[in-house]
Amino acid sequence: MNDSTDHDSPQASRDAGATRMKMSQAAPRPCAQCPWRTANQGKRNAHGFYRKENLRRLWRGLRAGERMTCHPTDPMMAEFSGYENTAGRAVTRECAGALILTQRELVRFQAAGEQADKAHTKDALVRYRSAVGSRAMSAGGLAEIAWIALTAGRLSPAGLPMRAMNLNEPGIGVPDLPAWGSCPLDPPQASG
């Protein structure tokens, strides 16, 4: 088995397009193995799925508009030890954790826009960057092109109708971004 293959990179996603023929809507909640579960982040894993470097790489892909599959349902994962049962699957799910994170960032961006409108300015992106912090921006909020693509059609990064996720799902986060409920742009009832 070649465990060094980078299946979640943007290039791998494009190259795997023929293999990943169908992606179904995300499950209502992230799975137990979701790399976006903060309880999993930093855990030792034979494949390095939960390392900060890998999570940052995955987030860069998401913020650029790339899709992310739910690993335990993805047939491309079959070559990894422990994921053999995914071989032969015709359909993979979109990652629910990734969808929660992108929707949270959309809420933050929308709130920045509303604040900008109240201040009679058009610079929502500056307000968003200011609220999430410079360290978070270097880690990456969603890129402008991803905002346009996601908000224009209310489509998920996989191009599916966007399932409304519970944004207050506990224990879901991205290293280096403010926790849900701790950013000035988050709604008052936000928690994470």
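Residues being free of Cβ contacts under 8 Å to residues at least 60 places away in the same chain and in contact with a Pro (Cβ under 9 Å, 6 or more places away or on another chain): count how many of those fall in the stretch 46-68. Lay out the reasoning, then the answer.
If we filter the stretch 46-68 for residues that are free of Cβ contacts under 8 Å to residues at least 60 places away in the same chain, which is where we start, we get 46-51, 53-54, 57-58, 61.
Going one step further and asking which of them are in contact with a Pro (Cβ under 9 Å, 6 or more places away or on another chain), we end up with 49-50, 54, 58, 61.
Of the residues in the stretch 46-68, 5 are free of Cβ contacts under 8 Å to residues at least 60 places away in the same chain and in contact with a Pro (Cβ under 9 Å, 6 or more places away or on another chain).
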Filter result (surrounded by 19 or more Cβ atoms within 10 Å (Cβ to Cβ) and out of contact with any Asp or Glu (no Cβ under 6 Å at 6 or more places or on another chain)) within the stretch 19-30: Arg20, Pro30
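Here's the yes/no breakdown for (1) of a type in the set (A, V, I, L, M); (2) part of a loop (DSSP other than H, G, I, E, B); (3) farther than 28 Å from Pro188 by Cα:
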position: Phe80; (1), (2), (3): no, yes, yes
position: Gly88; (1), (2), (3): no, yes, yes
position: Thr92; (1), (2), (3): no, no, yes
position: Gly97; (1), (2), (3): no, no, no
position: Ile100; (1), (2), (3): yes, no, no
position: Glu105; (1), (2), (3): no, no, no
position: Ala112; (1), (2), (3): yes, no, no
Does the stretch 65-78 hold any residues that are part of a helix (DSSP H, G or I) and either out of contact with any His (no Cβ under 6 Å at 6 or more places or on another chain) or at pLDDT 90 or above (or both), and which are they? His71, Pro72, Thr73, Pro75
Considering residues of the stretch 56-70 that are closer than 18 Å to Pro30 by Cα and among the hydrophobic types (A, V, I, L, M, F, W, C) only, the residue surrounded by the most Cβ atoms within 10 Å (Cβ to Cβ): Met68
Could you figure out which of (1) over 20 Å from Ala87 (Cα atoms); (2) aliphatic (A, V, I, L, M); (3) at pLDDT 90 or above isn't true of Ala27? (1)
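Among the residues of the stretch 97-106, write down those that are over 8 Å from the mean Cα position of the chain (by Cα) and not basic (Lys, Arg).
First pass over the stretch 97-106, keeping only residues over 8 Å from the mean Cα position of the chain (by Cα): 103-106.
Within the stretch 97-106, Gln103, Glu105, Leu106 meet the criteria.
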So which pairs qualify, if the first residue must be in the stretch 169-192 and within 12 Å of Gln41 (Cβ to Cβ), the second must be of a type in the set (S, T, N, Q) and modelled with pLDDT of 90 or more, the Cβ gap must be under 6 Å, and the two must be at least 6 apart or on different chains? Gly171/Thr38; Gly173/Thr38
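Results for (1) at pLDDT below 90; (2) crowded, with 20+ Cβ neighbours inside 10 Å; (3) of a type in the set (Asp, Glu), shown as yes or no for each residue.
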residue	(1), (2), (3)
Cys34	no, yes, no
Asn40	no, no, no
Asn54	no, no, no
Thr92	yes, yes, no
Gly97	no, yes, no
Identify, please: which residue in the stretch 71-90 is surrounded by fewer than 17 Cβ atoms within 10 Å (Cβ to Cβ) and of a type in the set (Asp, Glu) and is, among those, nearest to Arg56 (Cα to Cα)? Glu79
Of the conditions (1) modelled with pLDDT of 80 or more; (2) among the small types (Gly, Ala, Ser); (3) within 21 Å of the chain's Cα centre (by Cα), Ala87 clears all except one; give me its number. (3)
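The values are calculated or read from the model by the stated rules, or taken from the named source; none is laboratory data. What you see is a predicted model, and the numbers here were worked out from it, not measured in a lab. Reconstructed Cβ throughout: ideal geometry from the backbone, glycine too, with neighbour counts over all protein chains shown.
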